[in-house]
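The values are calculated or read from the model by the stated rules, or taken from the named source; none is laboratory data. This one's a predicted model, so the numbers in the text were calculated from it and none came from an experiment. When we count neighbours, we look across all protein chains shown, and the Cβ atoms used for this are built from the backbone with ideal geometry, even at glycine.
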Amino acid sequence: MKVFLLSFNNKVQIEAARILKDKGVDIVYWTGARSEFDRVKKERAKFPNTIFHNTYDAARGEAPQDVDTTNFEVPISLIREMHDIESIVLTMMNAIDFTNVPLNKKKHLYYEYVTYWYNVLKQYKPDALLYPDIPHMAHNYVIFALAKRMGIKTIMYTDARRVPDRLLFFEDFHNYKELEESYKEAQKHNVRLGDLAPDIQAFYKNQTDSSKDSTPPMTQKSFFETRKKDTQIIPAFSSLLKNIRKGTVGVITKKYLKNLKDTKQMASLEKLEMSGFAQRRMFQKWEKLRKVFIDEYKSLQKKPDLSLNYVYVPLHVQPERSTSAEGRGIYHDQQLMIKVLSQALPKGWKIYVKEHIPQWLAIRAHLGRYPGYYESIAGLPNVEIIPAESQTFSLIENAKAVATVTGSAAWEALLRGVPALIFGDIFFSLCDGAYKIETEKDAKVALEDIENGKTPDSQKMLQFLYAIQESTVIGHDKHKFNKTREIDDKENASIIASGYYDMLTRT
């Protein structure tokens, strides 16, 4: 059984690769980056016949030395056939465009991606492609799209969106057919809360308790504030004082100065190597851009009246996979989503739009907003921008509906019995009370239903949670943000390898 490993970078993923190899899986091609991946490349003893390809090189369209591209066919017909993918990929490229690459050069790079990966897939004939996440780097998405057209299985996993310590394995994030089948089976039975595993019960109770703040760790302001150190050239006084007390100031200072001096390669569409000092200077410039967006937003915000009929729209942090790739291409543009809602809105209703504070704290935030962004939203009929500090759970509980591309607020709403309009591809769009929106007509039908009193069925929610329980494995994703139990890296790698292997051998 031959596989490609795509973006396997960290030690857990690499250990999972070793376990798969021991199970007889032939790892033909492997993309990755960073120190752990580089170490495996140098050792190579375990994977003597594997082609290793640095992710940063792949992002720039550069082939590894082991692959001869001299006679690679340019698949013109396929490029024409995949025109719908081109726009999605160009959007994804923005996430790592740190040198203002011209549009025509990006388009050419996209054609290079299609040409290279089509020929590699045709030449090495893998049985499956394994991803440790939903593919959202531009070249990874092209490989995924090609695999679908060429009949090659794809397997990936993600955390079960805030259900702690649960990993969901699936073949295609556009449909989640494995979970859908499990949900259909669960609906044949009357599921009670006591039928759920203790961790799923705890999750459900936590999410439905209005007195608790269930904000996911990765989206909390405190998480992004810790990233501020990446922009600092001079360490914070508190950090310096802490190291003086510990007697480690000399060692830390030496290490810090080395980091400022050392040159590192960045994930970028063009080759970009920068010293730590130059990186921090660049990040500081980006921080100034973010302040422009904040001022614009605050000049437009109004306090929401929660007694009115309204649809709550919490914006996504961008650039992120939650809108690109999961936004079905066009709904990467959240302004377009809000415009569709505005045109479908029942008479007398409002739309409350709230920015996600981490958008103003994330390092690449300037790639997801631009001057005039919030003004264009505020100018739409019946749309109001509300303070970003507004309490999201009060907004959810008083809303007629929550609308988002794939955001967790929709999942939280459904758990609380509030309908959700979902414009992207996410597993909880299968749940009762969730409306998948592609067109203005879809939005009108959904909002008419909601205006007439349609809400999620609590029994179907328990059935859906049971389906999640049956379709997931206990483990941590690469971030480990959403965990309630300790799982060491070796055990976690074994869990992940087993998840892949089960999917590989499933008929």
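Select from the stretch 139-158 the residues that are hydroxyl-bearing (Ser, Thr, Tyr) and in a strand (DSSP E or B) and write down the one among them that is farthest from residue 1 (Cα to Cα). Out of the qualifying residues, it is 158. Scanning the stretch 105-121 turns up no residue that is modelled with pLDDT of 95 or more, under 26 Å from residue 273 (Cβ atoms), of a type in the set (Val, Ile, Thr) and touching a strand residue (DSSP E or B) at 6+ places or on another chain (Cβ under 8 Å).
For the stretch 122-158, the set of residues classified as more than 27 Å from residue 76 (Cβ to Cβ) and free of Cβ contacts under 8 Å to residues at least 60 places away in the same chain consists of 156 only. The residue of the stretch 445-470 that is surrounded by the fewest Cβ atoms within 10 Å (Cβ to Cβ), among those that are in contact (Cβ under 8 Å) with a residue 40 or more places away in the chain and hydroxyl-bearing (Ser, Thr, Tyr), is 458.
The residue of the stretch 324-365 that is nearest to residue 376 (Cα to Cα), among those that are of a type in the set (Ser, Thr, Tyr) and in contact with a Pro (Cβ under 8 Å, 6 or more places away or on another chain), is 342. Among the residues of the stretch 441-454, is there at least one that is outside the structural domain of residue 312 (by TED's automatic domain parsing), more than 18 Å from residue 200 (Cα to Cα) and β-branched (Val, Ile, Thr)? Within the stretch 441-454 (the criterion being outside the structural domain of residue 312 (by TED's automatic domain parsing), more than 18 Å from residue 200 (Cα to Cα) and β-branched (Val, Ile, Thr)), the answer is no, since none of the residues qualifies. Being part of a loop (DSSP other than H, G, I, E, B) and either in contact with a helix residue (DSSP H, G or I) (Cβ under 9 Å, 6 or more places away or on another chain) or surrounded by 16 or more Cβ atoms within 10 Å (Cβ to Cβ) (or both) is a property that residue 442 lacks.
Quick grid of which residues meet (1) of a type in the set (A, V, I, L, M); (2) crowded, with 17+ Cβ neighbours inside 10 Å; (3) assigned by TED's automatic domain parsing to the domain that holds residue 292:
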position	(1), (2), (3)
314	no, yes, yes
335	no, no, yes
342	no, yes, yes
345	yes, yes, yes
365	yes, yes, yes
389	no, no, yes
403	yes, yes, yes
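Residue count for the stretch 412-427 satisfying the condition of being surrounded by 24 or more Cβ atoms within 10 Å (Cβ to Cβ) and more than 15 Å from residue 310 (Cα to Cα): 8.
With respect to (1) at pLDDT 95 or above; (2) surrounded by fewer than 24 Cβ atoms within 10 Å (Cβ to Cβ); (3) outside any helix (DSSP H, G or I), the lone exception for residue 494 is condition (3). Against the test of being farther than 23 Å from residue 144 by Cβ and assigned by TED's automatic domain parsing to the domain that holds residue 124, the options 63, 45, 16, 58 yield a single qualifying residue, 45. Within the stretch 181-190, not a single residue is of a type in the set (Phe, Trp, Tyr), at pLDDT 95 or above and touching a strand residue (DSSP E or B) at 6+ places or on another chain (Cβ under 7 Å). On inspection, residue 328 qualifies as in a loop (DSSP other than H, G, I, E, B), surrounded by fewer than 21 Cβ atoms within 10 Å (Cβ to Cβ), at pLDDT below 95 and among the basic types (Lys, Arg). The sole residue among 172, 165 that is farther than 23 Å from residue 62 by Cα and touching a residue at least 40 places away in the same chain (Cβ under 8 Å) is 165.
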